[in-house]
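Reviewing the structure listed below.
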Amino acid sequence: MNTLIAIIGLGVLCLLFEIFNLRKAIVPITILGLLGVLGLTISEFNSTESYYNNMIVVSKFSSTFSSLFIVLTIFLVALGHNFYENHQSKISDYIAIKIFLLAGAVAMVSFGNLAMFFLGIEVLSIALYILAASDRMNLKSNEAGMKYFLMGSFASGIILFGICLIYGAMGSFDVTEISELSQSAELPVWFPIGIVLVTIGLLFKVAAVPFHFWAPDVYEGSPALTTALMSTLAKVVAMATLYKLLSVMNADVSESFKMVVVIISMASMTVGNIMALRQTNVKRMLAFSGVSHAGFMLMTLLSLSTSAGSLLYYASAYSLSGIAAFCVILYVCKNRDNEDVVNFHGLGKTNPLLAAILTAALLSMAGIPIFAGFFAKLVLFNQTIQAGYLALVIVAVVNSIISVGYYFKLILAMYTKEPNEERKGTPVIIYAVAVIAIVLNIALGLYPSFVLDLLA
Amino acid sequence: MNNILNHIGIENYIFLSVILFCIGVFGVLYRRNAIIVFMSIEIMLNAVNLLFVAFSTYHQDAQGQVFVFFSMAVAAAEVAVGLAILVSIFRNLGSITIDNLKNLKG
């Protein structure tokens with residue numbers, strides 16, 4: 001609860017800085033504020049409390065995931081210092097919107113009432129629509145914003161309809177009441193329909209396969225920093241929310257629902273990876289790779305009661321490597337109108353450190369040992385086999401192998417091709433964020449139990 | 001109020017909102033004018049609001065009606081952002097037909 005209040009206060013403070021003309025100080029102060037909020041969240045780690053008639057329930061699940069979101073936001077705000085240097089007059093708006101987006105994200109994992117869930121998802125989505133269209137003179141960004149807006153509000157409509165049917169069946173918005181009622185009496189048929197509609201809406205936000213068609217276009221068109229935010233923070237938030245929603249509301253998901261999850265998970269992995277193979281634009285490639293990672297994360301829904309830790313671990317591994325990769329993309333594609341692989345030619349010679357970081361990030365996403373991505377997949381596959389879904393794990397392993405193909409396409413382009421032009425100096429902040437993100441990723445890989453035990 | 005609901009039956013309210021919701025969905029899928037698409041999204045959200053109020057009366061519980069206020073406020077904020085994006089598209093492109101938005105492909 002305090003986390004949420006502190007974040008919103010920080011967002012308002014960002015807007016006030018604009019009035020007092022403190023734009024230069026805004027990024028450092030925001031980062032310090034977010035570090036303070038992170039400390040606050042960690043300090044109330046073990047408490048389980050509910051506030052405002054169960055509107056917000058702080059639990060271990062919510063505080064660990066909130067901490068992850070705050071860390072990701074710190075990285076994204078820090079990158080903003082360099083990315084928005086040509087838009088200094090609007091920097092407080094950009095930063096404030098990101099902070100409000102974080103508030104929505106925290107509300108989404110700590111809801112105890114469907115009203116809070118809906119408000120959280122809307123605060124997050126509306127902030128993202130603005131960020132996607134924030135480069136307003138650029139037609140591509142406009143188009144991405146419009147497409148994301150249409151798809152997002154369509155999905156919100158479906159989620160709202162689902163909530164309405166759940167309310168109709170149960171007569172309450174409180175998730176604990178709903179879960180008690182769902183185990184006892186004969187349920188009206190509206191309840192499962194409502195759950196399915198809410199799930200569909202969230203699968204839109206996660207970009208899992210039948211609902212992924214918006215992702216590549218929106219990722220390509222949005223400003224690069226917004227793409228980084230969507231592919232790391234927004235995806236992880238939506239996935240954590242879907243997990244929390246299903247685990248809180250109906251502890252034993254029916255077999256037919258699990259079958260659907262298995263099929264969606266397989267389809268996401270396969271379609272995502274195969275489409276990624278033929279992309280030349282790096283942002284599009286990472287969009288499809290994000291679709292396949294969504295498929296992997298959906299596997300956690302098959303063993304709801306035990307897999308919270310592995311979802312957290314997978315989400316951290318994926319999003320940290322995503323942040324590191326996007327740092328390099330931001331550096332390489334600054335002042336260029338596209339993000340084709342050609343731009344990365346010879347990066348290994350002109351800037352060996354950043355090339356090494358991008359390589360490490362991609363290897364982590366592909367699931368090569370030492371990096372956290374490997375152990376995340378290992379734990380996840382182990383759990384899924386124990387839950388009895390061997391076929392799904394086989395498909396997942398095959399997909400991990402396919403994914404190496406397109407990750408190595410980029411790595412080879414960096415090390416074997418000749419550089420096509422000289423690059424000027426790199427801002428320190430990009431180095432700092434990239435190095436910290438990748439070091440955190442490797443540290444997670446070396447000590448997986450640190451994260452896995454948090455939610456065991 | 002409860003009497004009317006007994007006469008009409010909650011099912012009919014559900015059918016009405018499902019029909020309205022589907023009109024909205026088809027509007028989003030088939031119309032090409034961005035303003036009409038926005039209106040269709042509003043129809044979807046308002047169909048749900050109608051159902052919330054009907055359920056609220058059915059359960060004799062005020063929560064559903066309060067939720068409608070939330071969803072109306074959210075829908076207003078959402079459409080404000082959507083219109084802002086539309087204005088910037090109109091400035092760059094001079095039209096609001098969403099068929100013109102196909103630069104992103106691959």
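Bin by bin, in steps of 5 Å, what percent of the Cα pairs in the stretch A:254-456 do you find, going until the bin that has the longest distance?
For the stretch A:254-456, the binned pair fractions read 1, 8, 16, 19, 19, 15, 10, 7, 4, 2, 0, 0 percent.
Out of the stretch A:134-199, which GluC sites (Glu not before Pro) are coil in DSSP terms and have no more than 13 other C-beta atoms within 10 Å?
Passing both the DSSP loop test and the Cβ count: A:GLU186.
Calculate the all-directions average of the projected area of the protein assembly as shown's alpha-carbon convex hull, and give it in nm².
Average projection, Cα convex hull of the protein assembly as shown: 24.6 nm².
With a ≥ b ≥ c taken as the square roots of the eigenvalues of the C-alpha gyration tensor of the stretch A:64-109, please select rounded if a/c is under 1.5 and otherwise prolate if a/b is larger than b/c or oblate if it is not?
Oblate shape, in that a/c is at least 1.5 and b/c is the bigger or equal ratio.
Suppose R0 equals 51 Å; then what is the FRET efficiency for A:LYS90 and B:HIS7 from their Cβ-Cβ distance, rounded to the nearest 0.05? Mind showing how you got there, number by number?
On the way: r = 57 Å, r/R0 = 1.11.
Plugging the Cβ-Cβ distance into 1/(1 + (r/R0)^6) gives 0.35.
Put +1 on the Cβ of each Lys and Arg and -1 on the Cβ of each Asp and Glu in the stretch A:1-153; which of A:PHE69, A:ASN138, A:PHE117 then has its Cα farthest toward the positive end of the dipole?
A:ASN138
Can you find, among A:LEU225, A:GLY152, A:ILE166, the residue farthest towards the positive end of the dipole of the protein assembly as shown? Put +1 on the C-beta of Lys and Arg, -1 on that of Asp and Glu.
Of A:LEU225, A:GLY152, A:ILE166, it is A:LEU225.
With the cut-off at 25 Å, tell me which of the pairs A:LYS147/A:LYS258; A:LYS98/A:LYS244; A:LYS24/A:LYS140; A:LYS90/B:LYS105; A:LYS205/B:LYS105; A:LYS283/B:LYS102 have Cα atoms farther apart than that. Please report the intermediate quantities before stating the final value.
Details: A:LYS147/A:LYS258 31 Å; A:LYS98/A:LYS244 23 Å; A:LYS24/A:LYS140 29 Å; A:LYS90/B:LYS105 30 Å; A:LYS205/B:LYS105 20 Å; A:LYS283/B:LYS102 17 Å.
Exceeds cut-off: A:LYS147/A:LYS258; A:LYS24/A:LYS140; A:LYS90/B:LYS105.
Where does the charge balance sit around A:HIS81 when Lys and Arg score +1, Asp and Glu -1, over other residues with C-beta under 14 Å from its C-beta? Don't skip to the end; give the middle numbers.
Values: positive: A:ARG23, A:LYS24, A:LYS90, A:LYS98, A:LYS334; negative: A:GLU85.
That sum, taken over residues with Cβ under 14 Å, equals +4.
At 7 Å along the Cα-to-beta-carbon direction for both A:ASN382 and A:SER449, put a label point, then send me their distance in nm to one decimal.
1.1 nm
In degrees from 0 to 90, rounded to the nearest 10, what is the angle of the helix B:10-30 Cα long axis to the longest principal axis of chain B?
Helix B:10-30 sits at roughly 0 degrees to that axis.
Which value, in Å³ per residue, describes the convex hull spanned by the Cα atoms of the stretch A:1-251?
On the way: hull volume 27.8 nm³, N = 251.
About 111 Å³ per residue, rounded to a whole number.
Of B:VAL68, A:PHE257, A:TYR318, whose Cα points farthest to the positive end of the dipole of the protein assembly as shown (charges on the beta-carbon: +1 Lys, Arg; -1 Asp, Glu; origin at the Cα centre)?
A:TYR318
To test your reading of the geometry: what angle, between 0 and 90 degrees and rounded to tens, separates the Cα axis of helix B:34-59 from the longest principal axis of chain B?
Result, in degrees: 10.
Could you work out how far helix A:255-277 tilts from the main Cα principal axis of chain A, as a 0 to 90 degree angle to the nearest 10?
Helix A:255-277 and the main axis of chain A meet at about 10 degrees.
Could you tell me the relative contact order of chain A? Use alpha-carbon pairs under 8 Å, at least six residues apart, and round to a whole percent.
14 percent
Let me check against my output: what whole-number percent is the relative contact order of the stretch B:2-97, with C-alpha pairs under 8 Å and at least 6 apart?
27 percent.
Rounded to the nearest 20 debye, what is the charge dipole size of the protein assembly as shown about its Cα centre when +1 sits on each Lys and Arg Cβ and -1 on each Asp and Glu Cβ?
Rounded to the nearest 20 debye, it is 1640 debye.
Return a whole-number percent for the relative contact order of the stretch A:1-251, with Cα pairs under 8 Å and 6 or more residues apart as the contact set.
Working: 352 pairs, mean separation 48.6, N = 251.
Reported relative contact order: 19 percent.
Mind listing the long-range amide H neighbours of A:ILE56? Cut-off is under 5 Å, sequence gap 5 or more, other chains count too, H placed in the peptide plane at 1.01 Å from N.
A:TYR51, A:GLY112
Only the coordinates and a few stated rules stand behind these numbers; no lab work does. Bear in mind the structure is a predicted one, so any value in this text is a computation, not a measurement. Cβ: placed from backbone, ideal geometry, glycine included. Neighbour counts: every protein chain shown.
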